[in-house]
Amino acid sequence: MKIAYYPGCTMKTRAASLELAAIEALNVLGVEFTELERWNCCGAVFSLAEDDLIHHVAPVRNLIRAQQEGCDTVVTICSQCYNTLARANKLVRENEEKRDTLNRFMDEEPDYNGEVEVVHYLSLLRDRVGWDELREAVTNPLVGLKVAPFYGCTLVRPEDVAIDAVDDRILEGFIEALGAEPTSFSAARECCGSYQMIAHPEEGIKRAAKVIAAANRSKADALILSCPMCEYNLGTRQGAVVAATDGLSQVPTYYFTQLLGVALGLDPELCRLDLNGPTAQELLVDKKYIAAATV
């Protein structure tokens, strides 16, 4: 297996806190990979229109780039990028007519027939590293931390590209490998509000409030995420959500890769906790997982 890492747009802009620790963690865990030298936006969303093949060009072109670099696997951290790339790859593999149309349209590119496998970072940890090996690599176990695992939409829908069946509990397995405790969390697979937070703020706040309320009921110390959109709605906008909703309490949010970095004892600067809200930093200091001087 030769792995290409596809970063996607937000990793290089607003979501450095999702990427930096993840990259160093792979080095610590002995997973060899190369970042794609040439890549473009994944397309952001998978087009559902039957005749809208032009919007599949972007994700397919990234898979061509991986193939050109001699890689048979593409790993991505952002759940939205994973969803878009995986669904485009499935379309190419299963629909000969659309595959031929796409290949003819991209006449300056080599034909692509779905040879590359698309995996999410969490799946790579589970299937390539393994929870037992990850647990052994942890030097700063997060014992005593109760974490609500938030899958959101794009890791688990649609089912044919989901990284996790309900019984597989991939995020729960990840949390346990870090030494923390996953909580029973009824909103784990709910929508965070997505783009409605911008287009229709009242509806977006209502959706985000449902997730935060469930985290409160679960007695979680923290909520972990894998999606920059989810982080915006549940983290960046959390103050506004709590202020607009009776009975809510704030809950610190982290990207799953940030807690991975803390548990592996990585330099806290790589975890970019400065990009989280102050309660997220304070919780880790209070639990003595990091020193106050590092934040």
Item checked: Loop-resident sites, region 143-208, for trypsin sites (Lys or Arg not before Pro), counting at most 16 other Cβ within 10 Å (DSSP) -> R169
Notebook entry, point to check: Expressed as a whole percentage, what fraction of the accessible surface of region 1-146 belongs to carbon and sulfur atoms when a 1.4 Å probe is rolled over the protein heavy atoms?
Noted result: 47
Next item on the list: Rounded to the nearest 10 degrees, what's the angle between the helix 201-217 long axis and the longest principal axis of the chain, both from Cα atoms, 0 to 90?
Entry: 60
Check: How far is it, in nm, from the label point at N27 to the one at E203 when both lie 7 Å from their Cα along the line to the Cβ?
Finding: 4.4
Notebook entry, point to check: Near K146, which lysines are there with a Cα under 17 Å away, not counting those fewer than 8 places off in the same chain?
Noted result: K219, K287, K288
Check: Which log10 I(q)/I(0) values, to two decimals, does region 13-169 give at q = 0.13 Å⁻¹ under the Debye formula with one point per Cα?
Finding: -0.67
Check: How big, in percent, is the set of alpha carbon pairs in the chain lying more than 33 Å apart?
Finding: 23
Note to self: Using only the alpha carbons of region 189-295, what is the convex hull's orientation-averaged projected area in square nanometres?
What the structure shows: 6.6
Next item on the list: Send over a whole-number figure in Å² for the accessible area per residue of the chain, probe 1.4 Å.
Entry: 45
Check: Which value in deg cm²/dmol, rounded to the nearest 500, describes the helix-derived mean residue ellipticity at 222 nm for the chain, given -39,500 (n - 2.57) per DSSP H run of n ≥ 4 and division by the residue count?
Finding: -11500 deg cm²/dmol
Notebook entry, point to check: Cα centroid distance between region 210-246 and region 70-149, in Å?
Noted result: 26
Notebook entry, point to check: Ordering F256, F185, F33 from largest to smallest accessible area (1.4 angstrom probe), what's the sequence?
Noted result: F33, F185, F256
Next item on the list: Please give the helix 96-105 orientation as an angle from the longest Cα principal axis of the chain, in degrees from 0 to 90, rounded to the nearest 10.
Entry: 80
Notebook entry, point to check: In terms of modelled amide H atoms, which long-range or inter-chain residues lie less than 5 Å from the amide H of V74?
Noted result: A4, E117, V118, V119
Next item on the list: State, as an integer percentage, the relative contact order of region 159-295 based on alpha-carbon contacts under 8 Å between residues 6 or more apart.
Entry: 18
Note to self: Can you compute the modelled spin-label distance between E109 and A44, with each label point 7 Å from Cα toward Cβ, in nm?
What the structure shows: 1.9
Next item on the list: Give the span of region 66-110's Cα atoms along each principal axis, as three whole-Å numbers ordered largest to smallest.
Entry: 30, 22, 14
Notebook entry, point to check: What FRET efficiency would be calculated for the residue pair E94, Y195, taking the C-beta separation as r and a Förster radius of 30 Å, to the nearest 0.05?
Noted result: 0.60
Notebook entry, point to check: Rg and Dmax of region 1-102, Cα atoms, in Å?
Noted result: 14.1, 45
Notebook entry, point to check: In degrees, nearest 10, range 0 to 90: what is the angle between the Cα axis of helix 16-28 and the longest Cα principal axis of the chain?
Noted result: 80
Checklist line | Accessible surface, 1.4 Å probe, highest first, among residues W39, W131 | finding: W39, W131
Item checked: Cα extents of region 245-292 along the three principal axes, largest first (Å) -> 38, 19, 16
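The values are calculated or read from the model by the stated rules, or taken from the named source; none is laboratory data. All values derive from a computational prediction rather than experimental measurement. Here the Cβ is made from the backbone with ideal geometry for all residues, glycine too, and neighbour counts use every protein chain on show. Quick note on the areas: whole protein, heavy atoms, side chains included, nothing else; ligands and nucleic acids left out. Shrake-Rupley method; radii C 1.70, N 1.55, O 1.52, S 1.80 Å.
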